Amino acid sequence: MPDLITLLELAAILAMTGVVAGILAGLLGVGGGIVIVPVLFQMFALIDVDPSIRMHLAVGTSLTTIVATSAISTRAHNRRGAVDWDLLKSWWIWILLGTLAGTAVAGYVRSAVLIAVFACVALFVSIFMATTKPDFRLRDGLPRGAGKAASGAAMGAVSAMMGIGGGTLGVPFMSACGYPVHKAVGTAAAIGFIIAVPATFGFMLSGWGDEALPELSIGFVSILGVVLITPLSTAAAPWGARLAHAASPIVLRRLFALFLLLTAARMFWGLL
């Protein structure tokens, strides 16, 4: 067990992570997971959590914090009319089914697989956001029918395996389909809630009874991490939402790309 000073340092890191994650949740619609997962992964390494479950615990804990953060962020964006509820009504079931599938797979693959998924997707989206202009379009409007179902399911599955909200994939995808970035961010915050709730329960169940879990864990969810991060992340989410509606689309894209690039680089380093 780490000494008292180490525990206090870790608590301070988690508290700061909560603030940054909340601001990012409101600013970019990412649910904060893009920051929380790598920080938790490193924290669990410092306290000698078994490497075989380290990433699982980081992902599950991140998803649990996103439940509250995404709800607060969605509320803040909805006040500004930036959540497309009509889209969510036709998309949520596919996102949910993908989330359930991704959560089931994540519970049984090795930690290195989850790290690789996180790093690869973060790097791809970072490059996309950094190299395309705000008015970049693949098409006008989201795909219909099977395309809409597939995109929602893929978003849910990959996000659940990465421990992130809906923004990392949802914002660039919706933007490429002609959605204004501010509305894409607001809608992605709501998608994060759809993903985080079932995925949280899934990670709790898949890790239930694992002998390698540290104390104060419910399956692959660290209660200590949730308690330290969630209050500050939920308090900070409205600050990010206000910044999002004051910033230009190009600034949002570049910030999004930068955070994803840094995160991807750190996770790739962890695989070496």
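All of the numbers you see were taken from the coordinates with simple rules; none came from a lab. Note that this is a predicted model, so its numbers are computed, not measured. Glycine also receives a Cβ, built like all others from the backbone with ideal geometry; neighbour counts cover every protein chain displayed.
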(message) Can you work out the Karplus-derived ³J(HN,Hα) for every residue in the range 93-99? Use 6.51 cos²θ - 1.76 cosθ + 1.60 with θ = phi - 60°, whole Hz, and x for glycine or proline.
(response) 5, 6, 5, 5, 4, x, 4
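Give the peptides 204-210, 188-194 in descending order of average Cβ contacts within 10 Å, highest first.
On the way: 204-210: 15.0, 188-194: 29.1.
Descending packing order for the listed peptides: 188-194, 204-210.
Using the Cα centre as the reference, give the magnitude of the dipole from point charges on the C-beta atoms of the range 4-271 (Lys, Arg: +1; Asp, Glu: -1; all else neutral), rounded to the nearest 20 debye. Provide the component values of the computation, followed by the final result.
Details: 16 positive and 10 negative charges, 223 e Å.
Dipole magnitude for the range 4-271 comes out near 1080 debye.
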(request) Mind telling me which of SER126, SER233, SER62 comes out most flexible in a GNM of the chain, alpha-carbon contacts under 10 Å? (result) SER126
(message) From the helices alone, meaning DSSP H stretches of at least four residues, give me the mean residue ellipticity at 222 nm for the chain, per-run term -39500 (n - 2.57), in deg cm²/dmol to the nearest 500.
(response) -27000 deg cm²/dmol
(message) With θ taken as phi - 60° and the coefficients 6.51, -1.76 and 1.60, list the Karplus ³J(HN,Hα) couplings across the range 12-24 in order, rounded to whole Hz; mark glycine and proline as x.
(response) 5, 4, 5, 4, 5, 4, x, 5, 4, 5, x, 4, 5
(request) Would you please give the residues with an amide H less than 5 Å from that of SER217, counting only those at least 5 places away or on a separate chain, with H modeled from the backbone geometry? (result) ILE223
(request) Enumerate the whole-percent occupancy of each 5 Å bin, from 0 to the last occupied one, for all C-alpha pair distances of the chain. (result) 1, 7, 15, 19, 20, 18, 11, 6, 3, 1, 0, 0
(message) So if each residue of separation counts as 0.36 nm, and I subtract the Cα-Cα distance between LEU258 and TRP208, what length gain in nm does that give?
(response) 14.4 nm
(request) Calculate, in nm to one decimal, what MET16 and CYS120 gain on full extension: separation in residues at 0.36 nm each, minus their alpha carbon distance. (result) 34.9 nm
(request) Can you pull the one-decimal nm distance between simple spin-label points at LEU8 and ARG110, each 7 Å off the Cα toward Cβ? (result) 4.0 nm
(message) Check which residues have an amide H placed less than 5 Å from GLY32's amide H, if you skip close sequence neighbours.
(response) ALA25, GLY165
(message) Between SER52 and ALA265, how high is the FRET efficiency from 1/(1 + (r/R0)^6) when r is the Cβ-Cβ distance and R₀ = 30 Å? Nearest 0.05.
(response) 0.80
